[in-house]
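I have placed the structure first, in the form of structure tokens, so that the comments after it can refer back to it.
The values are calculated or read from the model by the stated rules, or taken from the named source; none is laboratory data. Predicted, not measured: the structure shown is a model, and the values here were computed from it. Cβ: placed from backbone, ideal geometry, glycine included. Neighbour counts: every protein chain shown.
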Amino acid sequence: MACAMRLFSRIQVLNSARALRWPYRVKRQTSTESAPQDFLDYEAICQNPPEHFNFARDILDQWSQKEKDGKRPSNPALWWVDGKGEEVRWSFEELGFLSRKAANVLLEHCNLSRGDRVVLILPRMPEWWLIAVGCIRTGIIFIPATALLTAKDIQYRLQLSKAKCIVTNDATAPLVDSIASECPSLKSRLLASKDCRREGWLSFHDLVEAASSQHEPVNTKNQEPISFYFTSGTTGYPKMVEHTCGSLGMGLTFGARHWMNLDPSSMMWGFSDTGWVKFVFSSLYSPWIQGSCVFSHSMPQFDPTEVLKTLVKYPVTTFCGTPTIFRMLLQQDLSKYKFKSLTTCVGGGEPLNPEVMERWKARTGLDIYEGYGQTESTLICATVRPMKIKPGFIGKPCPPYDVKIEFVQDLPKTVSGKTQRKLLRKKEWEKAQ
């Protein structure tokens with residue numbers, strides 16, 4: 001076309017009725033009344049967004065109760081494997097028990113309280129989920145980061161976030177020690193590695209074993225911050241982006257249901273680094289909103305053969321990866337592998353090549369449903385059933401987003417031909433662009 005086109009994203013979280021262009025349409029209103037008791041009823045919440053919301057109390061503990069009442073399938077809440085024979089399987093009840101103990105460790109031994117900030121640098125290991133859910137229970141803001149960071153990167157994140165605590169493993173602890181003196185806000189260091197002790201560090205395993213399992217979740221507000229994420233820093237230093245209790249805890253419901261195709265009998269494997277927001281999208285909030293099982297493999301480095309063997313061995317129903325991952329899987333002889341449980345494949349993080357889409361469909365019989373989101377958002381656009389999969393098509397806007405294509409000449413002069421994000425970043429803390 002003669003005129004360039006640009007994506008113009010207009011966002012109104014949890015109160016945009018215009019964005020609901022899907023099989024259902026509900027009117028969204030803000031409300032200060034008491035929140036609906038049944039947080040598993042998404043449509044009811046859309047009509048009356050709650051003032052208060054705590055994902056651990058209102059979602060996880062609800063599934064735990066359904067589990068006890070025999071109203072949920074027997075698959076675990078978390079199923080973690082290391083590929084060497086070690087496995088961890090927790091029910092929602094066990095997850096609740098252990099995460100309450102983790103919450104008490106953060107409060108009593110790390111001297112943290114609601115609104116304090118914790119940097120969380122761990123690979124895919126069960127302790128990651130305990131710390132994250134412990135933070136959610138207490139209203140402590142957790143700041144995930146990749147284990148690939150350098151000492152300078154860690155220092156930058158600690159200084160900018162003013163985090164009072166850092167949680168990591170024995171591999172990253174020396175890097176933290178080398179810059180700790182430059183981070184005046186840092187008051188406590190928590191080591192999550194098993195059977196590992198280090199001077200100046202608290203042992204998470206020792207403390208969680210002795211901690212009380214009694215804890216009442218904080219009555220956090222829907223719009224209260226619960227996690228910060230750092231952008232990749234493509235156009236400068238990484239920027240810190242806020243997500244609220246509601247933006248993640250409720251805002252991912254549509255994608256969980258209609259893009260990932262999840263329900264309580266599903267098992268979701270999202271292959272992502274723990275430091276990226278995609279990890280909580282596909283390995284925490286989305287599956288657990290639906291009462292599904294989160295599946296995870298420690299796999300320090302991506303191994304396509306191991307991924308395929310795992311998809312054969314375990315009853316994974318939904319697999320999420322970047323197009324690069326699907327491309328690497330296609331380089332293997334897929335005729336050797338029969339995925340008996342896999343029904344849904346979703347991709348994001350980069351454009352999906354039409355050739356990859358077609359070859360995956362030809363070899364596995366499964367479509368790849370593409371999605372688009374950002375660190376600053378949840379799922380913005382996606383292809384979902386029963387949409388027709390087409391090359392270059394990333395689907396339609398997902399609630400609560402209103403996405404338009406506009407001619408550059410019709411955009412405000414302040415846009416300067418770039419993607420404008422209105423209310424997309426809740427806040428870029430202390431580093432306004």
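Worth a mention:
- Among the conditions (1) over 20 Å from the mean Cα position of the chain (by Cα); (2) under 21 Å from H243 (Cβ atoms), the only one that P287 does not satisfy is (1).
- Breaking point among (1) in contact with a strand residue (DSSP E or B) (Cβ under 7 Å, 6 or more places away or on another chain); (2) assigned to a loop (DSSP other than H, G, I, E, B); (3) within 30 Å of D58 (Cα to Cα), for C135: (2)
- I131 falls short on exactly one of the conditions (1) in contact with an Asp or Glu (Cβ under 6 Å, 6 or more places away or on another chain); (2) of a type in the set (V, I, T); (3) buried (at least 19 other Cβ atoms within 10 Å of the Cβ), and that condition is (1).
- Residue list for the stretch 293-310, filter: free of Cβ contacts under 8 Å to residues at least 40 places away in the same chain and part of a helix (DSSP H, G or I): P304, T305, V307, L308, K309
- Residues that are touching a Lys or Arg at 6+ places or on another chain (Cβ under 9 Å) and in a loop (DSSP other than H, G, I, E, B), drawn from the stretch 352-382: N353, D367, Q374, T375, E376, S377
- Whichever residue in the stretch 26-47 is farther than 15 Å from S247 by Cα and surrounded by 12 or more Cβ atoms within 10 Å (Cβ to Cβ) and, among such residues, is modelled with the highest pLDDT: Q47
- Hey, S227 within 21 Å of I136 (Cα to Cα) and touching a residue at least 40 places away in the same chain (Cβ under 8 Å) or not: yes
- Of F319, F326, all but one fail to be touching a Cys at 6+ places or on another chain (Cβ under 7 Å) and either surrounded by fewer than 14 Cβ atoms within 10 Å (Cβ to Cβ) or not β-branched (V, I, T) (or both); the exception is F319.
- Being farther than 26 Å from D170 by Cβ, hydrophobic (A, V, I, L, M, F, W, C) and under 17 Å from the mean Cα position of the chain (by Cα) is a description that applies to A77.
- K162 meets all of the listed conditions (1) in contact with an Asp or Glu (Cβ under 6 Å, 6 or more places away or on another chain); (2) on the phi > 0 side of the Ramachandran plot but one, namely (1).
- Going through (1) modelled with pLDDT under 95; (2) under 30 Å from V307 (Cα atoms); (3) touching a Ser or Thr at 6+ places or on another chain (Cβ under 7 Å) one by one, E93 falls short only on (1).
- Test: residue in the stretch 265-272 that is of a type in the set (G, A, S), within 20 Å of I368 (Cα to Cα) and either under 15 Å from the mean Cα position of the chain (by Cα) or part of a helix (DSSP H, G or I) (or both): yes
- Checked against (1) buried (at least 21 other Cβ atoms within 10 Å of the Cβ); (2) touching a Pro at 6+ places or on another chain (Cβ under 9 Å), L106 meets all criteria but (2).
- Scanning the stretch 187-200 for residues that are in contact (Cβ under 8 Å) with a residue 24 or more places away in the chain and surrounded by fewer than 20 Cβ atoms within 10 Å (Cβ to Cβ) returns K187, S188, R189, C196, R198.
- If you go through the stretch 273-292 and keep only what is outside any loop (DSSP other than H, G, I, E, B) and either of a type outside the set (S, T, Y) or touching a strand residue (DSSP E or B) at 6+ places or on another chain (Cβ under 9 Å) (or both), you end up with V277, K278, F279, V280, F281, S282, S283, L284, S286, P287, W288, I289.
- For N54: the one exception among (1) under 22 Å from S292 (Cβ atoms); (2) modelled with pLDDT under 95; (3) not small (G, A, S): (2)
- Qualifying residue in the stretch 385-399 (condition: in a strand (DSSP E or B), over 18 Å from the mean Cα position of the chain (by Cα) and at pLDDT below 95): yes
- Test: residue in the stretch 127-136 that is touching a Pro at 6+ places or on another chain (Cβ under 9 Å), of a type in the set (G, A, S) and at pLDDT 95 or above: yes
- Subset of the stretch 311-334 [assigned to a loop (DSSP other than H, G, I, E, B) and closer than 18 Å to Y369 by Cβ]: V316, T317, T322
- Each residue in the stretch 95-124 was checked for being among the hydrophobic types (A, V, I, L, M, F, W, C), closer than 14 Å to D206 by Cβ and outside any helix (DSSP H, G or I), and 1 pass.
- Where a residue in the stretch 128-143 is under 12 Å from N104 (Cα atoms) and its partner, wherever it lies, is at pLDDT 95 or above and of a type in the set (D, E), with Cβ under 6 Å and at least six apart: I140/D116
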